[in-house]
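Engineer: Below you'll find the structure I mean.
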Amino acid sequence: MINTLDAIDEVLKNSNPDEWQRSEDSGLFVYHFDVNLRIERDSNFEDFYEDWLPSTPFDNISGKKPVYKVKYIVKYNQTEIAHKFLILIDGVYVLIPIPKKSNDLGGSLFVTSDDVNFAKIVTICPPTLSQEISPVNEYINRCGFDII
């Protein structure tokens, strides 16, 4: 049983996608080792566009990218613990963290390894054999983000 906010944070940072029961249609993800911990996808998706978005096979002829900002709610029992926002890119294929701009890295865009792991947990595509070659990592590389 998970009994602290720090323990929940550690699970989100370090768990593998296969440690979560996934109901992709309803957007519900339940942690196998403590079913009180779950992630729920909000049903409202916001259109999203930034210059750093890479082209995808799903870009339509007008150039509009089917990209959405999606909210996820981390809950323990009925208590909301955190809200996380990800970008749904490449149709309904993969989620990536929203990057931040670094003053220390010459203004480059970066994502944290914690946010990358969260994106892997809730990514809609099937899990891969190695999380290092997951579609999440592929798109982060295509966007040119640093992972810190």
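The values are calculated or read from the model by the stated rules, or taken from the named source; none is laboratory data. As the structure is a computational prediction, the values presented were derived from the model and not from experiment. Here the Cβ is made from the backbone with ideal geometry for all residues, glycine too, and neighbour counts use every protein chain on show.
Engineer: Among the residues of the range 35-47 satisfying the criterion of being within 17 Å of Ile81 (Cα to Cα) and in contact (Cβ under 8 Å) with a residue 40 or more places away in the chain, which is surrounded by the fewest Cβ atoms within 10 Å (Cβ to Cβ)? Reasoning before the result, please.
Structural biologist: Just the residues of the range 35-47 that are within 17 Å of Ile81 (Cα to Cα), to begin with: 35-42.
Subsequent filtering for residues that are in contact (Cβ under 8 Å) with a residue 40 or more places away in the chain retains 36, 39, 41.
Numbers: Asn36: 14, Ile39: 22, Arg41: 21.
Only one residue fits best here, namely Asn36.
Engineer: If you check Asn141, Asn137, which single one turns out to be closer than 26 Å to Ile8 by Cβ, modelled with pLDDT of 85 or more and in a helix (DSSP H, G or I)?
Structural biologist: Details: Asn141 fails: closer than 26 Å to Ile8 by Cβ.
Matching residue, one of Asn141, Asn137: Asn137.
Engineer: Still on this structure: Here is a check on your reading of the model: is Val30 in contact with a Ser or Thr (Cβ under 9 Å, 6 or more places away or on another chain), outside any loop (DSSP other than H, G, I, E, B) and at pLDDT 85 or above?
Structural biologist: On the way: in contact with a Ser or Thr (Cβ under 9 Å, 6 or more places away or on another chain): yes; outside any loop (DSSP other than H, G, I, E, B): yes; at pLDDT 85 or above: yes.
It is true that Val30 is in contact with a Ser or Thr (Cβ under 9 Å, 6 or more places away or on another chain), outside any loop (DSSP other than H, G, I, E, B) and at pLDDT 85 or above.
Engineer: Could you list all residues from the range 35-47 that are in contact with a helix residue (DSSP H, G or I) (Cβ under 8 Å, 6 or more places away or on another chain) and closer than 21 Å to Glu10 by Cβ? Steps first, please.
Structural biologist: Taking the range 35-47 as the starting set, the residues that turn out to be in contact with a helix residue (DSSP H, G or I) (Cβ under 8 Å, 6 or more places away or on another chain) are 37, 39, 41.
Passing the criteria: Leu37, Ile39.
Engineer: While we're on this one: Being surrounded by fewer than 13 Cβ atoms within 10 Å (Cβ to Cβ), at pLDDT 90 or above and not hydroxyl-bearing (Ser, Thr, Tyr) is the filter here; which residues of the range 49-94 pass it? Outline the logic, then answer.
Structural biologist: Our first condition is that a residue be surrounded by fewer than 13 Cβ atoms within 10 Å (Cβ to Cβ); within the range 49-94, this holds for 49-52, 55, 57, 60-64, 77-80, 83.
Those still in the list that are at pLDDT 90 or above too: 77-80, 83.
Correct list: Asn77, Gln78, Glu80, His83.
Engineer: Now for a different question. If you go through the range 2-25, how many residues are of a type in the set (S, T, N, Q) and either touching a helix residue (DSSP H, G or I) at 6+ places or on another chain (Cβ under 8 Å) or part of a helix (DSSP H, G or I) (or both)? First the steps, then the outcome.
Structural biologist: Step one: list which residues in the range 2-25 are of a type in the set (S, T, N, Q), which gives 3-4, 14-16, 21, 23.
Keeping just the survivors that are either touching a helix residue (DSSP H, G or I) at 6+ places or on another chain (Cβ under 8 Å) or part of a helix (DSSP H, G or I) (or both) gives 14-16.
Qualifying residue count for the region: 3.
Engineer: Mind listing whichever residues of the range 16-34 are under 16 Å from Leu86 (Cβ atoms) and not aromatic (Phe, Trp, Tyr)? Write out each step before concluding.
Structural biologist: Residues of the range 16-34 that are under 16 Å from Leu86 (Cβ atoms), as a first pass: 17, 20, 22, 24, 27-29.
Residues satisfying the conditions are Pro17, Arg22, Glu24, Gly27, Leu28.
Engineer: A follow-up question, please. Quick one: in the range 6-27, of everything that is polar (S, T, N, Q) and at pLDDT 90 or above, which residue is surrounded by the most Cβ atoms within 10 Å (Cβ to Cβ)? Let's see the steps before the verdict.
Structural biologist: Here is the first cut: in the range 6-27, the residues polar (S, T, N, Q) are 14-16, 21, 23, 26.
Narrowing further to those that are at pLDDT 90 or above: 14-16, 21.
Working: Asn14: 11, Ser15: 18, Asn16: 11, Gln21: 12.
It comes out as Ser15.
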